[in-house]
1. List the trypsin sites (Lys or Arg not before Pro) within the range 18-95 that fall in a DSSP loop (any state other than H, G, I, E or B) and whose Cβ has at most 14 other Cβ atoms within 10 Å.
2. Name the trypsin sites (Lys or Arg not before Pro) in the range 118-165 that are in a loop by DSSP and that have at most 13 other C-beta atoms within 10 Å, would you?
3. If amide H atoms are built 1.01 Å from N in the plane of the peptide, which residues on other chains or at least 5 residues away come under 5 Å of the amide H of ILE93?
4. Can you work out the Karplus-derived ³J(HN,Hα) for every residue in the range 87-98? Use 6.51 cos²θ - 1.76 cosθ + 1.60 with θ = phi - 60°, whole Hz, and x for glycine or proline.
5. Pop out the Kirkwood hydrodynamic radius of the range 1-116 from its pairwise C-alpha distances, inverse of mean 1/r, in Å to one decimal.
6. Step through the residues of the range 14-31 one at a time and calculate ³J(HN,Hα) from phi using the Karplus curve (6.51 cos²θ - 1.76 cosθ + 1.60, θ = phi - 60°), rounding each to whole Hz and writing x for Gly and Pro.
7. Based solely on its DSSP helices, what 222 nm [θ] is calculated for the chain when runs of n ≥ 4 H residues each add -39,500 (n - 2.57) and the sum is averaged over all residues, nearest 500 deg cm²/dmol?
8. Compute the distance in nm between two label points, each set 7 Å from the Cα along the Cα-to-Cβ direction, one at SER36 and one at ARG103.
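No lab work stands behind these numbers, since they all come straight from the coordinates. Worth saying up front: this structure is predicted, and the values here are computed from it rather than measured. All Cβ positions, glycine included, derive from the backbone under ideal geometry; neighbour counts span all protein chains shown.
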Amino acid sequence: MYIVAGLGNPGDKYLKNLHNLGFMAVELLAEKNGVSFDKKGFKGLFGTKTIGSEKVIFLKPQTFMNLSGECIREISAYFKVPNENILVIYDDIDIDIGSLRIRKNGSSGTHNGMRNIVKELGTENFPRVRIGTKPVGEYDIMSYVLSDVKKEDEPKFRFSVNEAVAAANEFIRGKKIDDIMCAHNGAKPSNAAKPSQN
């Protein structure tokens with residue numbers, strides 16, 4: 001059994017925030033697999049589907065970002081999903097826009113949602129997909145992550161979200177995390193940085 005959890009904040013006001021890129025990715029992943037978030041429980045919204053021989057839970061915690069771990073702990077404990085089968089997708093200000101980084105384990109870094117997940121699960125040993133949002137120049141971290149994706153950055157984010165979805169699709173179909181890392185870490189949009197001709 002697998003869980004793919006995208007991190008974000010519930011509510012329309014946060015819909016296009018940088019901090020909601022995890023939600024955007026897991027929503028697209030669910031759509032591509034014909035799944036809707038039609039179940040409510042464990043402090044989250046989720047949908048399920050059997051893919052191959054494994055049941056997969058597509059999850060959006062509804063606790064707000066800083067308490068994301070409560071939802072993931074409750075649902076993983078109930079369904080007895082091992083930590084190594086829990087994939088978390090989230091935004092990361094330490095990675096360039098248009099890039100993503102997949103890791104099989106590691107620290108939470110500066111991300112409060114990840115800190116809470118590590119605390120609630122009691123381990124750093126679960127895989128994650130980090131979608132880059134690195135800002136340029138000085139910034140206030142909370143104001144920045146709660147700002148919307150800029151129009152000029154949309155092509156880069158579209159690329160990285162699609163890469164995250166492709167990686168997650170491979171994960172839930174049993175591909176080894178090391179192979180997924182090799183395939184997707186360092187991928188960059190070929191033309192997302194080009195100026196518009198309009």
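1. Those satisfying the criteria are LYS80.
2. On the way: sites: LYS119, ARG128, ARG130, LYS150, LYS151, LYS156, ARG158; in loops: LYS150.
Listed in order of number, the matching sites are LYS150.
3. Amide H to amide H, under 5 Å and 5 or more residues apart or across chains, ILE93 pairs with THR133.
4. Values per residue, Gly and Pro as x: 9, 10, 10, 7, 7, 9, 6, 8, 10, 4, 4, x Hz.
5. About 14.3 Å for the range 1-116.
6. 9, 3, 9, 5, 4, 5, 9, 4, x, 4, 4, 5, 6, 5, 5, 4, 4, 4
7. That comes out to -10000 deg cm²/dmol.
8. Label-label distance for SER36 and ARG103, simple model: 3.7 nm.
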